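Quick notes on the structure that follows.
The values are calculated or read from the model by the stated rules, or taken from the named source; none is laboratory data. Because the structure is predicted, anything quoted here is derived from the model rather than measured. Cβ sites come from the backbone with ideal geometry, for glycine too, and all protein chains shown count toward neighbours. To get the accessible areas, we keep the full protein, side chains included, count just its heavy atoms, and leave off ligands, DNA and RNA. Shrake-Rupley method; radii C 1.70, N 1.55, O 1.52, S 1.80 Å.
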Amino acid sequence: MNRHLISAGDLTKDDALLILDTAEELARVSERSIKKLPTLRGRTVVNLFFEDSTRTRISFEAAAKRLSADVINFSAKGSSVSKGESLKDTALTLEAMGADAVVIRHSASGAPHRLANWVHGSVVNAGDGTHEHPTQALLDAFSMRRRLGNLDGRKVAIVGDVLHSRVARSNVLLLHTLGAEVTLVAPPTLVPVSIGTWPCEVSYDLDAVLPKADVVMMLRVQKERMNAAYFPSEREYSRRYGLDRERFAKMPEEAIVMHPGPMNRGMEIAAEVADSARSTIVEQVANGVTIRMAVLYLLLGGETA
Ligand code: CP
């Protein structure tokens, strides 16, 4: 594996399977009464968050602590970033404090890549702008594999605001590597212009895609990144692209529903669908800790699963 985890596209099939298999081993440890392992004792993980996060930030912290690493949590709010300190100077300051790994979330696509040129430790991308979120894709693949088994040939529909979604891009890249067949479903206004280069199909008709899907992954409508009107109204979006009870009934009986969170309940997904037994949304959060343990273990301390 590379020293950094910046793009899901950098992972070979063997790399991805090693992470998923290592996470499976670590999940067994998490079931014990004493969940902590000494593996990363003496190592320091810095969580460098320039954008808001609940799941990713907390799960990286929990993952590092379960592996006995020292954890420094940095949030741009309340730091010297508000006085104009640059990303490079912030990173070098944290490295001077002994960071072995820097987990970064930033609003600028490419920020983790830049950071990797400035620090000696491993860099893990925890979400950069509208670009990538590789550990989300890994935890999603892990969640799918636990429910459905092998992903080879599985049909995955990723639905909604693809244009602003780093989750969609990382999932397309990783799921393609793992042999799944991905179809993106979105209004034409929320499809990136570069979509022809992505290894997936594109559809504008959710009702046509649902009956064949093994997995339906709903994406959050990212209103905070929208600087124009991408659809006539929330009601119209929900009517065409929301997963409500009627659409849920069109899915095959064994198919699962996913969402990376945070959700707009009632917009892209109905509350009763999000809370159904076929939803993996809560499992995805729990699996996020396990996958991030596996990533930190393999980057900082481990050899094989
Ligand atoms: N899925 C995800 O990245 O959630 P957070 O923004 O809460 O970290």
- prompt: Would region 126-149 turn up any residue that is free of Cβ contacts under 8 Å to residues at least 12 places away in the same chain, within 30 Å of LEU210 (Cα to Cα) and away from the ligand (no atom under 16 Å from the Cβ)?
  reply: yes
query: Conditions: (1) more than 16 Å from the ligand (Cβ to nearest atom); (2) in contact with a His (Cβ under 7 Å, 6 or more places away or on another chain); (3) open to solvent by 60 Å² or more (accessible area, probe 1.4 Å). SER109 meets all but one. Number of the miss?
result: (1)
message: Would you confirm, using the coordinates I've provided, whether SER122 is in contact with a helix residue (DSSP H, G or I) (Cβ under 9 Å, 6 or more places away or on another chain), polar (S, T, N, Q) and not assigned by TED's automatic domain parsing to the domain that holds ALA63?
response: no
Condition met for SER53 (within 16 Å of the ligand (Cβ to nearest atom) and outside any loop (DSSP other than H, G, I, E, B)): no
message: Tell me whether region 158-172 contains one or more residues that are farther than 18 Å from MET258 by Cα, among the hydrophobic types (A, V, I, L, M, F, W, C) and open to solvent by 10 Å² or more (accessible area, probe 1.4 Å).
response: yes
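Taking region 112-164 on its own, how many of its residues are among the aromatic types (Phe, Trp, Tyr) and assigned to a helix (DSSP H, G or I)?
Selection size over region 112-164: 1.
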statement: Those residues of region 275-305 which are of a type in the set (A, V, I, L, M, F, W, C), within 16 Å of the ligand (Cβ to nearest atom) and open to solvent by 10 Å² or more (accessible area, probe 1.4 Å) amount to ILE281, VAL282, VAL285, ALA286, VAL289
field: Whichever residue in region 58-70 is surrounded by fewer than 20 Cβ atoms within 10 Å (Cβ to Cβ) and within 16 Å of the ligand (Cβ to nearest atom) and, among such residues, is nearest to the chain's Cα centre (by Cα)
entry: ILE58
- request: Could you look through region 72-103, keep only residues that are within 16 Å of the ligand (Cβ to nearest atom) and hydrophobic (A, V, I, L, M, F, W, C), and pick out the one that is surrounded by the fewest Cβ atoms within 10 Å (Cβ to Cβ)?
  value: ALA76
task: For region 20-32, indicate whether the set of residues that are within 14 Å of LEU296 (Cβ to Cβ), in contact with a helix residue (DSSP H, G or I) (Cβ under 8 Å, 6 or more places away or on another chain), within 16 Å of the ligand (Cβ to nearest atom) and not in a loop (DSSP other than H, G, I, E, B) is non-empty.
output: no
message: When you scan region 255-272, do you find a residue that is aliphatic (A, V, I, L, M), part of a loop (DSSP other than H, G, I, E, B), within 16 Å of the ligand (Cβ to nearest atom) and open to solvent by 50 Å² or more (accessible area, probe 1.4 Å), even just one?
response: yes
field: Residue pairs meeting the criteria (Cβ under 6 Å; at least 6 apart or on separate chains; first without any contact (Cβ under 8 Å) to a residue 40 or more places away in the chain, in region 154-183; second assigned to a loop (DSSP other than H, G, I, E, B) and of a type in the set (Phe, Trp, Tyr))
entry: VAL172/TRP198
